[in-house]
Amino acid sequence: MSQTENKQGQVETTGHVWDGDLREYNNPLPRWWLWAFYVTIVFSVVYWILYPAWPYGDNYTKGISSVEYTVETEDGETKTVSEPWNTRALFTRDMQSSPSALAQQEWVSRVEDMSFEAIEQDPDTLQFALSVGHGTFGDYCAACHGAGGQGKVGLFPNLADNDWLWGNSYETIVDKIANGIQGNMPAQNVPEDQIDDLANYVLSLSGEAEISGEAASRGKQAFATCAGCHGAEGKGNEAMGAPNLADAIWDVADVPGCGGDTACKVDEIKHVVNNGIQREMPGFGDRLTETQIRMLAIYVRQLGGN
């Protein structure tokens, strides 16, 4: 038998031999592997034809597959648009036409057509509105007001204490969400010899301090400047967003943080009086739909227990 001859059961060689015993074997790929490789080639060609694939210059091949979805025009009408297949367009279409999206649109339509009072009486619709409102609150409101609406003293109002600066009607809440709020109080030029009496008088309205006699008289006289917004008894004015000073709920001055230290409480009030308040909440009417604002209002109102 020659050195190039194959033994029985041995892998076939090409017949090439080096150094007398170094042979080149001919070991072909499995047939199933070759067919799988051919299929991937065919798949690639089909993919290149159907979908965006090859870049060229500052552009790319768009493919012949397209995605259709609807958009709302500036005049409030809807129209169907078609664009080359891409994940953004596919996501938009699925959000409009998937079974879950269609079910959600049905619930949204119910919220659009029902009054706030009717929604409150319908547990299923109310739960849907609260669920969507909770998500919207997390996206747009929680950064300032906190995840639970607890706010931050001195900066952002607490929405969970049922003390509503501008009123708690649905119409008011919707208006403030859509158009924003200017929550400003000008600094008051109170003479140094009167401001301590004024601060103690303000604290006495909510039982945080005791004041009597001449000091009470002087404090009440100094408070006359404040009464134009807060009322003669300090109970506030929702039309102006002026807080109630007689309910022991402190939105700007951190009186509760002082514990039993009356001097600290006085300093907190004096700081607000001397420096005023400059707060602004932006309007979200250009970022949220009317229905989203309605559901957000329902969620916000229930934070305070209404």
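The values are calculated or read from the model by the stated rules, or taken from the named source; none is laboratory data. In this text, all values refer to a predicted model and were calculated from it rather than measured experimentally. Using ideal geometry, Cβ is built from the backbone for each residue, glycine included, and neighbour counts are taken over all protein chains shown. These accessible areas exclude ligands, DNA and RNA; they are computed on the full protein's heavy atoms, side chains included. Shrake-Rupley method; radii C 1.70, N 1.55, O 1.52, S 1.80 Å.
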Against the condition open to solvent by less than 50 Å² (accessible area, probe 1.4 Å) and modelled with pLDDT of 90 or more, how does Ser217 come out, does it pass? no
Picking from Thr92, Thr40, Thr70, which residue would you name as being touching a Phe, Trp or Tyr at 6+ places or on another chain (Cβ under 7 Å), farther than 30 Å from Arg279 by Cα and not in a loop (DSSP other than H, G, I, E, B)? Thr92
Could you pull out the residue among Tyr56, Tyr69 that is surrounded by 13 or more Cβ atoms within 10 Å (Cβ to Cβ), at negative phi and either of a type outside the set (S, T, N, Q) or at pLDDT 90 or above (or both)? Tyr69
List the pairs whose first member sits in region 248-265 and is in a helix (DSSP H, G or I), whose second member is among the basic types (Lys, Arg), and whose Cβ atoms are under 8 Å apart, counting only residues at least 6 apart or on separate chains? Cys258/Lys265
In this structure, is Glu280 farther than 24 Å from Asn184 by Cα and surrounded by fewer than 17 Cβ atoms within 10 Å (Cβ to Cβ)? no
Test: Gly76 is open to solvent by less than 70 Å² (accessible area, probe 1.4 Å) and assigned to a loop (DSSP other than H, G, I, E, B): yes
Contact list please: Cβ distance under 6 Å, first residue in region 275-295 and over 24 Å from Asp251 (Cα atoms), second residue among the hydroxyl-bearing types (Ser, Thr, Tyr), pairs at least six apart or on different chains. Gln292/Thr136
Expected output for region 79-99 (first residue surrounded by 11 or more Cβ atoms within 10 Å (Cβ to Cβ), partner of a type in the set (Lys, Arg) and at pLDDT 90 or above, Cβ below 8 Å, 6+ apart or cross-chain) is Pro84/Lys62
How about region 111-124: which of its residues are open to solvent by less than 90 Å² (accessible area, probe 1.4 Å), more than 15 Å from Leu296 (Cα to Cα) and assigned to a helix (DSSP H, G or I)? Ala118
Read through the list (1) free of Cβ contacts under 8 Å to residues at least 40 places away in the same chain; (2) open to solvent by 60 Å² or more (accessible area, probe 1.4 Å); (3) under 13 Å from Gln302 (Cα atoms), then give the number of the only condition that His134 fails. (1)
I want to confirm something. Restricting to region 200-219 and keeping residues that are among the acidic types (Asp, Glu) and not in a helix (DSSP H, G or I), which single residue is farthest from Ala248 (Cα to Cα)? Glu210
